[in-house]
Structure formats: C-alpha cells, structure tokens
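Just passing along the structure, written as structure tokens.
The values are calculated or read from the model by the stated rules, or taken from the named source; none is laboratory data. Please read all numbers here as calculations on a predicted model, not as lab measurements. Ideal geometry is used to build each Cβ from the backbone, glycine not excepted, and the neighbour counts take in all protein chains shown. Each accessible area value is taken on the protein alone, full model and side chains, heavy atoms only, with ligands, DNA and RNA left out. Shrake-Rupley method; radii C 1.70, N 1.55, O 1.52, S 1.80 Å.
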Amino acid sequence: MKFTLHSQTTAPEASKPIIEQVEKTYGFFPNLYAVFAESPVAISTYLHISGQLKAHGALTPQEQQIAMLAVSETNNCDYCVAAHSMMASLNQVPKETIQQLREGGNPSDLKQAALVHFAQVVMEHRGWVPENEQEAFLAAGYTTRHALDVLAILALKTLSNYTNHLAKTPLDSAFESHRWSKREHAGTACECAS
C-alpha cells in the first residue's frame with residue numbers, strides 16, 4: 001500500500017476542517033494526521049479521543065503521556081515513541097522516566113510503574129486482565145475510571161501505532177531530536193528537556 005501525506009488541497013472535503021483545527025492546535029500539520037486525513041473517520045476519531053482524554057481524563061496529563069509512550073514502545077512504533085517523548089517532556093514528565101520508557105522499562109515512581117504495567121497487561125491479555133493484576137492496579141491508587149481511560153489510550157494508540165506501521169509515516173522535523181528505533185537505537189538517550 002502507498003499512503004498519501006495529505007494537505008488542505010489534497011484531502012477529502014470532510015477532513016479539511018479537521019486539518020485546519022490540527023494546524024491551529026500544533027502550529028503545523030504532523031505527518032500522522034496527514035496520513036489519517038485520507039479517512040475522515042480515522043482523523044476525526046483520533047482527534048476526538050485525544051480531545052476527550054485531555055478535557056475529561058481521570059489520568060493526569062503526565063500519566064496519559066507515560067501510558068501513551070509505554071504502549072507505543074511496546075508496539076514498536078518509531079513515530080509515536082518520538083512524538084510522545086516530546087509530548088511527555090512538554091508535560092513535565094522527568095527526563096529519566098522518558099528514557100526508562102523508551103528503553104522498555106518502567107518508571108521509578110511505583111504508581112506510574114503500576115500504570116505502565118496495567119496497560120501492558122491489558123494488551124497482553126487482550127482485556128481479559130487477571131484478578132490479581134486488577135487488584136494491583138487498584139492498590140496503586142487507581143480506580144475503574146482510570147482503567148477505562150487506559151482502554152481509551154489503548155484504542156488511540158492502536159489507531160496511530162498501526163497506521164504508522166502500515167503507512168511507514170515519516171518522522172516530522174519537530175520530533176527529530178526525539179527520534180527512536182527499537183531496532184537501531186534502543187538504550188540511546190534523546191535530547192528530551194528535563
């Protein structure tokens with residue numbers, strides 16, 4: 001398959017208002033959205049879930065970025081690991097935590113580590129999370145609302161990670177300092193702000 005990086009001039013009509021909204025939000029039009037623009041359903045779904053998490057999520061912005069980064073690393077998504085490394089940094093996630101996640105590890109903070117572990121267990125068990133894992137998540141200070149937010153993040157990252165795998169989405173220059181590849185650069189530090 002060959003995917004198009006769309007712009008306002010090439011995208012389907014239903015995607016054009018969303019492109020404008022994304023450009024206003026980010027100051028540029030990220031390549032992931034340029035791929036999504038082919039499908040008004042894909043681009044609007046991604047933007048809607050992102051917006052709902054930001055506006056109504058029970059997880060803090062830091063926790064959301066930690067979960068998104070961990071899921072993207074687990075899914076081996078070069079593009080999203082780079083993008084969420086930058087977003088995590090902008091949301092005051094410590095540089096050490098970002099690096100631990102980029103290397104496939106857990107944060108030093110026990111509550112954050114429980115969040116990462118829960119997201120990975122949900123993925124591993126396809127939602128059939130063992131009782132002891134559910135109890136561990138709750139014991140770490142999370143609730144069923146947080147668990148459902150993790151599922152929303154998994155839906156969001158499945159959409160973006162798999163799109164990037166299929167489309168081989170090129171990394172935007174805005175994310176270049178956070179470039180990552182499990183195959184080539186595992187264990188190397190990015191220039192993430194602390």
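In segment 1-144, with Lys and Arg counted as +1 and Asp and Glu as -1 at Cβ, which of these residues, GLY105, THR74, LEU32, has the Cα nearest the positive end of the dipole, that is, farthest along it?
Value computed over the given set: LEU32.
Turning to a different aspect of this structure: Using a Gaussian network model of the chain with C-alpha springs under 10 Å, which one of HIS56, HIS48, HIS146 is most mobile by mean-square fluctuation?
Looking only at HIS56, HIS48, HIS146, the biggest GNM fluctuation is shown by HIS56.
Highest mean first, what order results for 156-165, 64-73 on Cβ atoms within 10 Å?
Highest-to-lowest ranking by the protection proxy: 64-73, 156-165.
Right, another one. Which residue, ALA152, ALA114, ALA55, has the most motion in a Gaussian network model of the chain that connects Cα atoms within less than 10 Å?
Of ALA152, ALA114, ALA55, the Gaussian network model singles out ALA55 as fluctuating most.
On full extension of the chain, what length is gained from GLN99 through ARG126, given 0.36 nm per residue of separation minus the C-alpha to C-alpha distance?
Once the chain is fully extended between GLN99 and ARG126, it gains 7.1 nm.
Using R₀ = 25 Å, calculate the FRET efficiency as 1/(1 + (r/R₀)^6) where r is the Cβ-Cβ separation of LEU110 and LEU90; round to 0.05.
0.55
If each residue of separation counts as 0.36 nm, what is the full-extension length gain between GLN62 and GLU23 once their alpha-carbon separation is subtracted?
Gain on stretching GLN62 to GLU23: 11.7 nm.
Now, a different point. Who wins for biggest fluctuation among THR25, THR74, THR60 in a Gaussian network model of the chain, springs between alpha carbons below 10 Å?
Result for the chain, Cα springs under 10 Å: THR25 fluctuates most.
Mind jotting down the distance between the C-alpha centroids of segment 60-84 and segment 1-57, whole Å?
Centre-to-centre (Cα) distance: 19 Å.
Under a cut-off of 23 Å between alpha-carbon atoms, report the lysines in cross-link reach of LYS16, not counting same-chain residues fewer than 8 places apart.
Result set, ordered by chain and number: LYS2, LYS24, LYS54, LYS157, LYS168.
When you count, for each residue, the other Cβ atoms within 10 Å and take the mean per peptide, how do 122-131, 35-44 rank with the highest first?
35-44, 122-131
Where only protein heavy atoms count, and the probe is 1.4 Å, what is the accessible area per residue for the chain in Å²?
About 51 Å² of surface per residue is accessible.
Can you give the charge dipole size of segment 45-175 about its Cα centre, rounded to the nearest 20 debye, using +1 on the beta carbon of Lys and Arg and -1 on the beta carbon of Asp and Glu?
The calculated dipole for segment 45-175 is roughly 320 debye.
Taking the 0 to 90 degree range and rounding to the nearest ten, how far is the long axis of helix 144-167 tilted relative to the main principal axis of the chain, both from C-alpha atoms?
For 144-167 against the chain, the angle is about 40 degrees.
Follow-up. Assuming R0 = 35 Å, can you tell me the calculated FRET efficiency for the pair SER173 and THR144, based on Cβ-Cβ distance, to the nearest 0.05?
So the FRET efficiency works out to roughly 0.30.
Picking from ALA114, PRO170, ASN91, whose Cα lies most toward the positive end of the charge dipole for segment 48-192 (charges on Cβ: Lys, Arg +1; Asp, Glu -1)?
My answer, from the dipole projection, is PRO170.
A follow-up question, please. Please work out the FRET efficiency for the pair LEU166 and GLN134, using the Cβ-Cβ distance as r and a Förster radius of 22 Å; give the result to the nearest 0.05.
According to the calculation, E is roughly 0.10.
Consider the candidate values (1) 119; (2) 174; (3) 244; state which one is volume of the Cα convex hull per residue in Å³ computed from the structure displayed.
Computing volume of the Cα convex hull per residue in Å³ and matching it to (1) 119; (2) 174; (3) 244 gives (1).
Compute the angle between helix 40-56 and the longest alpha-carbon principal axis of the chain, please, reported from 0 to 90 degrees and rounded to the nearest 10.
40
Accessible area of segment 67-130 with a 1.4 Å probe: how many percent of it is carbon plus sulfur?
Answer for segment 67-130: carbon and sulfur cover 53 percent of the accessible area.
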